[in-house]
Structure formats: structure tokens, C-alpha cells
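Notes for the one structure printed next.
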Amino acid sequence: MPATIRGKLIALILAVTVSRETVASSAPPGGFAEDASASLLLRNGYVYRDNQDAVRDQSRWAQAFIATFESGFSQGPLGVGLDAYGLFAVRLDTGKSRDDGDIAYFPTDSDGDPEEDLGELGLVLKLRLSNTVLKYGDQLPALPVLSYDSSRLLPQTFRGVLLESGETDGLSLHAGRFTAQNDNNHSGRDVPGRELDSIELIGGSYAFSDQLSATLYFSDIEAMARKRYANIAWRLPLAEERSLELDFDFYRTRYDRDYTQTGKDEDNRIWSLMATYHWGSHAFILAWQRSIGGFESLDDDGQPVTHGYDFDFGDGGDANYLANAFYSDFNRKDERSWQIGYELDFTDYGVPGLSWKSAYVHGSQIDTGRGGMASEREFYNQIQYVVPEGAARDLSINLYGSIYRASRDLNQDLNEIWLFVEYPLELL
């Protein structure tokens, strides 16, 4: 990363820290500075991927610094505010493999080696009128049809305008247009092959009650796809410390012919239904997911590739609110998958802050585009501990791993482990 970006990030952190007392003491109540907040997240990440089939294993270890500042709004009918962030990550170790795969920690240089660091600065101008906020700049949208990827060292960002409205109790509305993206493993926007012409979106959610809500969103990604998303979530109390939660998600995607390379538009529909039975500290999960339709194209090597529900092509790496999304998203053409899962909160067992999640997912009847069917399966485990109190309060340790197996003509087998240690610091 250029020294100028590194210097600006350090300056941002120092400026927020030095102005902490000054801002708090001189600001009017409920104003631009009085409601301001700033934080620094220290994120240490390690990943190890045990590739099967005699492929060299991959590993990455790095340290990230995520500084954020959010102002309040100036007083008056039309409030004005400003947000800023600084992202910086430094490489610690790259293991024995130069190939990054899709670990996506760092970009590679002209020699094919991982770069030593990367970073980014971003600004957002925001206006508030009543309970409606308009933002323009570099943002981290988290919506079903446009959702930034936060699973790596640094978050994925998007540049554009977003309108958020909450004028009616229980009703949340969004409308926006974004014209550039920055992947979480690159400095700078619109890396070749990952350019975003534009994405337009509109939608919202409504809570009918504390137990029932519905969501509907539409998006149009230029030269890629038009998407619709719908969700219904229902929580039914059964008895003391017991409840049943049903969550239905649905995407319908119409791919543009410029993207499919088949000479025509293509369609995919995918839905999932998850049932979660909560019993005190325990949660038991069953889910079913179904992908219908898609298309076939050729990859860079001229080999046929089938597509089901595609995302992270202008709409973000987390634009998948379906139930069966782990290492594999089980979203291939005509794939059917089921999940059985279990979650446990150890608070009632004398260890507050400790939780465990485990899931097994099996997908089958996948159309490989070569006249055959394929299957895949994954066993996922996650252990998380958040320090509840004391000097290290809010420090978190998140360890998760997957054992993944697939038909030979679908994907390669692998085992992987991810470890994140995060410590948030409140600067303001």
C-alpha cells in the first residue's frame, strides 16, 4: 500500500483520539459532534486450507486495522453529518503456497506473490430529514440484494447513494444506486474483471408484530442481472424458554444475455425454508433449499461451467440470505440441499460469552452441464468466545472450520480452518 494511504490512516486514528475530549466538552447536545462516535477494530486473521487430491495446501496470516468515525447530525430541520473509515491490513505469513485460491486476503503482485499490505480510505456525506437519511459516498450496505462481504480481513465497500427511511413504525424502506465497488482484498476500486457499472435497488421490510415480519427487495445490476428477493419470518412462542422460528427466503434472478454468453436471458429461482426450535440455551435447526434453473457458459480455459444462483458480481459477497450458506452455498443449477444443525449458548452452564454452532448440509441432483448429476456435502463447526467483562471486555475469538466433499467433476475436496481474534477500541 502506498505510504500516503498508510499515513492518512494513522492521521485519521490520531485525529479522532486527540479530539476525543475536545469534542465531548464543546459540542451542543444532540449535535454533529455530541452524537459522534469513533472506534478502532484490531482484527487478527489466520486461515489454513487442507486441499485434497495432492494439491498444495494454502495458509494466510495477517493483521488488520479498521478505523471508523460516525458523526451525529447538525441541529435544525435538515441535519448534516459525515462518516469516515480507514482500512489497513499487513501480511504476517503466507505459508508455502503462492496461490491464494479464494482465501482473498491480499492481491498478488506482478511476480505472482501476495502483496505485503493494502488499505483504503472512505468518506460518506449524510443528510437527515425527520426519520429519513440520505447517504452518498463509500458505504457498507447490508441488504438482501446488496450486501458487503465481511468474512475476510477487510470489508468490501461500495460507492454510491442510499436512501433509508423509517417514517412509519415497523416499516423500513431503502432505495439506492451504486456505481463502484472495492473488493476486500484490493486497494482501489473496480479491479479488472470485477468492475461494477451500476446497481439500482429498492425495497423494504415491515414488522406486523414482534413475531411476524415480511421483506421485499428488487435490484438491477447493469449488464448482469435483475433480482427479486422475498422473506417471511415468523416466531411462535410455545412455552417458557421455548419457541419455533420459521424463516422463508426466495430469490428470482433473470440474467442478462451479456452475462450469460448464451445469446439470451436466463432464469434461476432459489428458495430456502429454515425451522429453528429454541429450547433455553439450545437451538435445533432443520432447513431445505431448492435451486431451479440456470445456464451454462465457458470459463477462461474453455471448459463448461453451470450457473445457478450467482452473487458477488456487483451485489456483494454476502448477498445470499439463504439458509444453506457456509463454505459452499449449495446454490448450483437445480441443486437440492438439506441441513441439520445445532447451536448452544454456554451462559446457563457458567461460561457467558461462549457459543457453539454445528451444521451438516447435503446437496444433490446438481446439473454439471456435462450430462451428469453431482453432489456435495459439508460439515461445519463454529466456536466463538466474547469476553463479557474486565479489561479485555468485548475481545472475541472466533474459530470455525469445514470438512467439504464433492463429486470429482464438481469441485475438489478440502478441509479448512479460519481463526479471527478481534478487539474493538472505543475512541470516542
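The values are calculated or read from the model by the stated rules, or taken from the named source; none is laboratory data. Note that the structure is predicted; figures quoted are calculated from it, not measured. Here Cβ is always computed from backbone atoms with ideal geometry, including for glycine, and neighbour counts include all displayed protein chains. Just so you know, the surface numbers come from the protein's heavy atoms only, side chains and all, with ligands and any DNA or RNA stripped out. Shrake-Rupley method; radii C 1.70, N 1.55, O 1.52, S 1.80 Å.
Tabulated data for the structure shown
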read-out	value
Cα-based Kirkwood hydrodynamic radius, the range 97-161, one decimal, Å	14.4 Å
Protein accessible area in the chain, 1.4 Å probe - carbon and sulfur %	55 percent
The range 310-428: mean projected area of Cα convex hull, nm²	10.1 nm²
Fluctuation leader among TYR259, TYR404, TYR229 - the chain, Gaussian network, Cα springs under 10 angstrom	TYR259
9 Å beta-carbon shell around GLY314, net charge (K/R +1, D/E -1)	-4
Where trypsin sites (Lys or Arg not before Pro) fall in DSSP loop in the range 58-135, at most 16 other Cβ within 10 Å	LYS96, ARG98
Accessible surface of SER219 - all protein chains present, 1.4 Å probe, nearest 10 Å²	10 Å²
Per residue accessible area of the chain, 1.4 Å probe, in Å²	49 Å²
Spatially near lysine pairs across the chain, Cα under 25 Å, sequence gap of 8 or more or different chains	7
Charge tally in the Cβ shell below 15 Å around TYR349, where Lys, Arg are +1 and Asp, Glu are -1, TYR349 excluded	-4
Net +/- balance of residues flanking SER147 in space, Cβ distance below 11 Å, scoring K and R +1, D and E -1	-4
The chain, dipole about Cα centre (Lys/Arg Cβ +1, Asp/Glu Cβ -1), debye to the nearest 20	400 debye
The range 280-338: radius of gyration over Cα atoms, expressed as a fraction of 2.2 N^0.38 Å	1.39
Only Lys, Arg (+1) and Asp, Glu (-1) charged, at Cβ; the range 64-204 dipole about Cα centre in debye	560 debye
Percent of Cα pairs exceeding the 20 Å cut-off, where the set is the range 155-312	64 percent
Alpha-carbon centroids, the range 45-98 and the range 345-360: separation in whole Å	26 Å
Residue-averaged 222 nm ellipticity for the chain, from DSSP H runs of 4+ at -39500 (n - 2.57), nearest 500	-2000 deg cm²/dmol
Tilt relative to the chain, helix 3-18 - C-alpha long axis, 0 to 90 degrees, to 10	50 degrees
Approximate shape of the range 89-231 as ellipsoid semi-axes (Cα gyration tensor, √5λ), whole Å, largest first	34, 16, 15
log₁₀ of I(q)/I(0) at q = 0.06, 0.08, 0.10 Å⁻¹ - the chain, Debye sum with one point per alpha carbon	-0.27, -0.50, -0.82
